[in-house]
Structures are given as structure tokens and as C-alpha cells.
Amino acid sequence: MSKAVSICALMWLFVQHSLSAQQQQTELYSSFLYSATDSARVQVLNALATKHRQQGHYRLADSLAQAALSLAEQISYKTGIAQSYDNLGTIAFVRGRYRTAFTHYQKALALKHELGDQRGIANTLANIAVLYRSEGKYADALDYHLQALRLFEFTGDQRGIANAYDNIAQMYQSQGEYDKALQYYQHAAEIKERYGDKWALAVTQDHIGNLYLSQQKYAEAIDYHIRALKVRADLGDKSGVTASFSHIADIYEQQGKYIDALDYHFTVLKLKTDMGDMHGLPSTLLNIGRIYRLQNRLPDALSYTLKSLDAAKSIDAKPDLKEAYYQLYMIYMRMKNTSEALAAYTQYTAYKDSIFTLQSAKRIAELKEYYEAEQRQKEIELLQRDKELQQATLREKEQSIELLEKSQQVKSLQLKQRDVTIKLIQEKRLSEIAQLEKEKTEQALRIKEQEAERERQSREIELLAKTNKVKELEAERQRLLFIGGISLALLVIIAGSVVMHQQHRAAKALEEKTCLIEQQNLELQRQKIIVERQRDELAEANRLKNEFLAIAAHDLKNPLQTVMGFASLLVEEETQNAEAKEMASMIMRSSQRMHKLIIDLLEVAAQDAGKTQLEKSFINISDLITSVVHENLPNAQAKAQTIHLLVEPHILAEVDAIKVRQVLDNLVSNAIKYSPFGKAITVTCKKSPANTTEDFRHEQASKPALTSQPTVLISVKDEGQGLSEDDLKRLFLKFQRLSAKPTGGESSTGLGLSIAKHFVELHGGKIWAESAGKGKGATFFVELPISLHNQERFLPQRSAESE
């Protein structure tokens, strides 16, 4: 059932795709026909005929081809006439009209010979070969296939060569030579895939699937048939889809899945009947009859086999008649009808002998040998060419080697000549050096003689000089005095000019630096103006933001208080049921959280605007802490937490009670919020003298000390998630989300600690936190100053006994 549904779905998708594609192409061709020339119309009509033939619309394809033939004959367009006859022959062939097809092919072949259309001749020869194969004339089929292949190779028609390989492979397959058949199929597929011919590639994939089926390799067979089916469905190839269904049915039959095989065969039968495909009808009817015979449903098998016999007789398909008579023989034998079985077998042998005689087998073998010899001759020629190329390459290498050797010899001769020249130059230089040495010796002798003569003359001069020495010394003294005066004057002039030059350079450098400084000052003034403008804009934006926050929070506060009031009334109303009270409690809790958020926003706005004011009064800090802890106790109990309260009594401080309460409430509620279930929280409060506090703060070097007056030190310690170094840096900033998360699903605004820090610092106090790290808890400290002025009157009066 599921198989039939899948077949129907695939058929519906195929028909939709086919109709859409057909409509688009028909509109395109129709618009072209109105504007094209007569010869172009013939080509378009033939293209339409081919397209509709591939889609299984044989009657329409035949009408279009006849129209193309008529128009081509009117205008004496021989190429168009030949194309039309080719189309008519192929349409007649698929409709089982073999003689008509042969006549059309012969007319097309004659015209193409007249036109000298080698490629067209090859195509028509291939078509005739397919026709002969369908009639069982295998020798003639192989002869025509080989003629077509030679022409395709001569014209370089790769697609034609691929089709010829396909057809030759089918011939080898019919002879049981599966390896050769697969080799030719693969060559054909490579060419078709290279040129992107999807329709032709699907045909080859279909043939390879049949080849694997013949070898009972079912997985490979069905894989190739599914590939072909997908391509054909995408292309809208109705006849191709029919062929793929038929082959898949054959695979299921051989696997013994007869019900699946029958589903596919009946689908194929319906498609072929709708298309008028008389060529493929006998084999489909025969396949259905064979499966019924295998299922031992002999009456059904006999009925469909007789239908196949009649269909084969109507188109004179001898191979189908042979298979039909053989199946009748098998059915009658199983039905114990020996006379009918004998008659059927007699007909089977007659057709078998007429299809394949010893003479035809011999002719096929001769053709195969001729083709293989031709292929071997081509291979030998290719090898001979390779050999000649190699020999030419060797000769070129030998010539190169000879030239290299000659060049090396020339270089060696040049080197020898250079060595001889160098030796001659060296000898010449040596002789020159010897001559120079000889001349130098002679010159030294002449110099000695001259020196002796000069000594004699110098003695004579010394005698003359002594007589004039006094005169010369006096004249020299006068001359030196004159030269010294001139030198001193020159030095003064040079020093003055150097000083003036340096002053000029210094003045010029100072002027350049002054200009640079002025430019930098102008740039600084410009940048200052820009910064001041941006600062003013930021201040204005911040002011507007604070006003907006204050207005929005204030406008939300009053209606929210109304909601809280009504929710409180609903909770306290005794007539309400439990579910209504729970809903009212949820409204109350949500309203309280929102009210707290609004209060925080109002406080942040006031803080940014500098409008926060303290209303101080003397209060008991100890009682205030105790009250805050009691208010938060239900939340701690809800998480099974324990709060230890260690408070020194009667600690008075002059503070704003509301703001200090808000600070303490924030610290305690945070400890509950960020501590896991079942943990302990410790709250302490004690008075610290000035020196004790100083010592404590000395240990905490990062926290600056307060004044020397006494303080109250409050701490809240939890066993929660702890704080990292980064958390401690950002802890008291606004809108900060730290690494620690609430453990009970509570919410956090990120404002509480920032507000607390502001309140504490307004009181002149300090707030900080300490943590040993993640997972080790945290302790928050608040330190506030205590004013000793007039606080004794607020302390409780002691009894007489205590005095």
C-alpha cells in the first residue's frame, strides 16, 4: 500500500512539473513562431516535436513533425526536410511502426548524403542501428553502430561518440560480455557529464543499471536507476520515467518482491497506454504475465501473455514474439496442456532461429573483430606517434648536450688564454719593478751626493748668517709684533661675527617655537571649547534623564500604592476563597517589589540632582537593627536559613532613621537573597572607641579612617556565593550585575548597594565588603559616627540599685 502511494505521489509531481515546463516552452515557441522566418519555423516545429516525443506525447509530436515536413517541402529547405524525416522515423519507432520508421530514416539518410552533412548522417545511421536491434537483427545493428561511430569521430561530435558508445555497449551486453559493455557505458557517461547533457546521461545510467541487474548486483542496479529516475522527473521526460519504473520493477522481480514489482509494472502499463507507446507495450504485458506465472496465478499469467503476443504481432516485434511464445510454452507446461505447449515452443524456436542464425553470429563476430582491430590500429598509431615524439625529444637533448659541450670547450680555451695573458702581465710588472728598484738605487746615490754638497753650502751660509743674525732678530721682532696685532684684530672680528650669527639663529628658533606654541594654544582653546560644549550637553542630558526618572517614578508611585491597598484588603477579606487570596498575595508581593524599585529610582534621581537631605534624630541603633532583622526573618525561614543577632544594647546615634533602616534592610535582605538554603547569617552591632576603630581600619589599609570620634560598627556576614576581585571593584556602582545570583529566584535592580553607599557617606560614615573569594561567603561593614553631645538624656534611666 505504501509503495503504491509513493508511486502515485511521484507520478503527480512528475505530471505537475511536466505540464508547467511544457506550458512555458509552448508559450516561448509560439511567440517565436509569429516573428521567425520560414526556415526558423521548421526548426522550431522540429524542436517542439522532439520535446513532445521525449515527454510521451507521440500523436502531438507526429503532427508537429508532419507540419515541419510540409513547410520545409514548400520552401525547398532540404536540411529541414531531413530533420523532419528523422523526427518522424523516431516517433514511428517508439510507436512500434518499424517499417514506417525505416522508410523515414532512409529518406533522411539520402538527403543528408546529398547535403554532405556528415554529422547528420552519423545520427541517422545510429537511429537505424537501434531499429535493427529492436527487430533482432544484431549483425546489421552493430554494422550501422560502427559506421556511425567512425563518422562521429571524424567530425569530432563528442555527444554522437557518447551515444555510439552507449549503443555498442548494449550490443556487448546482449552477448554477455559485461566488462566490455561497462567500459563503453562509462566512456559514454563521462562525455555526457562533461557536456552537461542530463537527458542523455540519464539514458546511460539506466543502461548501467540494467547491466548490473544482468549480473544480479541489485544494490548497484537500483542505485543507477534511481539516479536516472530523478534526472528524468526533473526534466519532465515522461517516456524516460516510464523506462526507469519498468527497470526498478525488474529488480524487485529478481529479488522475489513480486507485489512491489507488479505495482511498478501496472504503473508503467498505464503510462505507456496513455502515451500510445506500442513499442514498449508488449514487454510490459509480458513482464506482468511472467510475475503472475512466478506467483502460480496461471490464468492471469496466460491472459497477460496473450495480450503481449497480440501487441507484439501488431508491430512485428520479433524479439518480443520470441519471449511471448517461450512464456506461453512455460505456462502451458505448468497447466499440463502439452499440445499448446508444443505449438508455442515450435513458434519460439522459429523466431529464435530467424533472429539469431549462425551466419548472423559469424557476421557479428567479424564486425567485432574488425572494430577491435581498427581500435588496435589506432592505438598502434598513437604509440608510433609517441615514439616519434620521444625520439625527436632525444635528438633535441643530444643536440643540446653537444652545444653545451662546445660552449664548455670554448670557455676552457678562453680560460687558458686568460691565464697566459695574466702570466705575461705579471712578468711585465716584475721587469718594471726591477727597473724601478735600479732607478731608486741610482737616485739614492745622487741624493747622498746632493746632501754632501748642501752640507758644505750650509756651513758657508751659517757663517754668513751669524754676521746678520742681530739684524734679522730685530726685524723678526718688529714683524711678529705687526702680525700679532693684525691677528688679534681678526680674532675680535671673527668672534663678533660668530656671536651675531648665533644670536640670529637663536632669535629665529625662538620665533619658530613661539609660533608653534601659539598654534598649540589655539588648538587647545578649540579642544577646550569642544570639551566644554560636550560637557554641557552631557550635563543637560543627565539632568533631563534625572527629571524623567523622577517624574515617571513619581507618577507610578501613587497608582501603585492604590493597587497595594486594594490587594491588602483582598488578602485580609475573610470571605475570599484560598485561590483568590493567593492571587491577591501575588499581586501584593509584585506591587511591593515594584514599589521598592520606584523608591530606588526616585532616590537615584534625587542623588544625581544633589537633593538628598538628611532628617537626623537620636535613635537607638540596636533597636533599629533588631527590628530590621525581625522584618526579614520570614524570608529567611522560607529558605530554611538561620539569623544570629549579636547586638550591643543602647547604642545611640544621631542619624536619619529612615535612610539608615533602608541601608540595613538592603544588607540583610541581600544576605538572605544570595545565601543558599539552610545556611546561617550573622548580624553584629557594637560600639567602637576612636583608637579601636583606628586600629581596625589600620588592618584594613584600603579603607580611609574616619575622624577620631567613637563609631558604631555594624556587620552582616553570610555563607553565600562570595565575591571575586572584579565584584569587589564594581560592588557599589549603579546598575551592576555581579557574578553571584539570587538562590531563590528573587529579583535584583542593581541599585540597592549604590544607594546604601550614598546614604552612609552622607552621614560621614563608610561602607565596604570583604570576601575570601568565590564560594567562601562575604561580610558587609557599615561604620557610622556617634555624636556624644546631649545623648545621655536619651538613654534609659538607671535604677537606684544600679547606682
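The values are calculated or read from the model by the stated rules, or taken from the named source; none is laboratory data. All of these numbers come straight from a predicted model, not from anything done at the bench. Here Cβ is always computed from backbone atoms with ideal geometry, including for glycine, and neighbour counts include all displayed protein chains. Just so you know, the surface numbers come from the protein's heavy atoms only, side chains and all, with ligands and any DNA or RNA stripped out. Shrake-Rupley method; radii C 1.70, N 1.55, O 1.52, S 1.80 Å.
If you go through region 154-169 and pick out every residue that is of a type in the set (S, T, N, Q), under 24 Å from GLN205 (Cβ atoms) and surrounded by fewer than 19 Cβ atoms within 10 Å (Cβ to Cβ), you end up with 1. When residues in region 746-768 are screened for being β-branched (Val, Ile, Thr) and either assigned to a loop (DSSP other than H, G, I, E, B) or open to solvent by 10 Å² or more (accessible area, probe 1.4 Å) (or both), 2 of them pass. Residues being farther than 29 Å from ARG334 by Cα and in contact (Cβ under 8 Å) with a residue 40 or more places away in the chain are represented in region 265-274 by at least one member.
Each residue in region 636-666 was checked for being in a helix (DSSP H, G or I), touching a strand residue (DSSP E or B) at 6+ places or on another chain (Cβ under 6 Å) and either open to solvent by less than 10 Å² (accessible area, probe 1.4 Å) or at positive phi (or both), and 1 of them qualify. The criterion of at least 2 residues that are open to solvent by 50 Å² or more (accessible area, probe 1.4 Å) is met by the following helices (runs of 4 or more DSSP H) wholly inside region 233-326: 258-275, 281-294, 298-315. For the structure I just gave you, tell me whether LEU142 is in contact (Cβ under 8 Å) with a residue 60 or more places away in the chain and part of a helix (DSSP H, G or I). Answer is yes for this residue. Residue check: VAL94 meets all listed conditions (1) buried (at least 19 other Cβ atoms within 10 Å of the Cβ); (2) in the same structural domain as GLY56 (by the TED database); (3) farther than 30 Å from LEU321 by Cα but one, namely (3). Here GLY196 meets each of (1) at pLDDT below 85; (2) closer than 30 Å to ALA233 by Cα; (3) part of a helix (DSSP H, G or I); (4) not charged (D, E, K, R) with one exception, condition (3). Among the residues of region 136-153, just one is in contact with a Phe, Trp or Tyr (Cβ under 6 Å, 6 or more places away or on another chain) and open to solvent by 10 Å² or more (accessible area, probe 1.4 Å), namely ASP140.
Looking at GLY176, GLY136, can you tell me which residue is modelled with pLDDT under 85, more than 22 Å from PRO282 (Cβ to Cβ) and not in a helix (DSSP H, G or I)?
Being modelled with pLDDT under 85, more than 22 Å from PRO282 (Cβ to Cβ) and not in a helix (DSSP H, G or I) holds for just one of GLY176, GLY136, which is GLY176.
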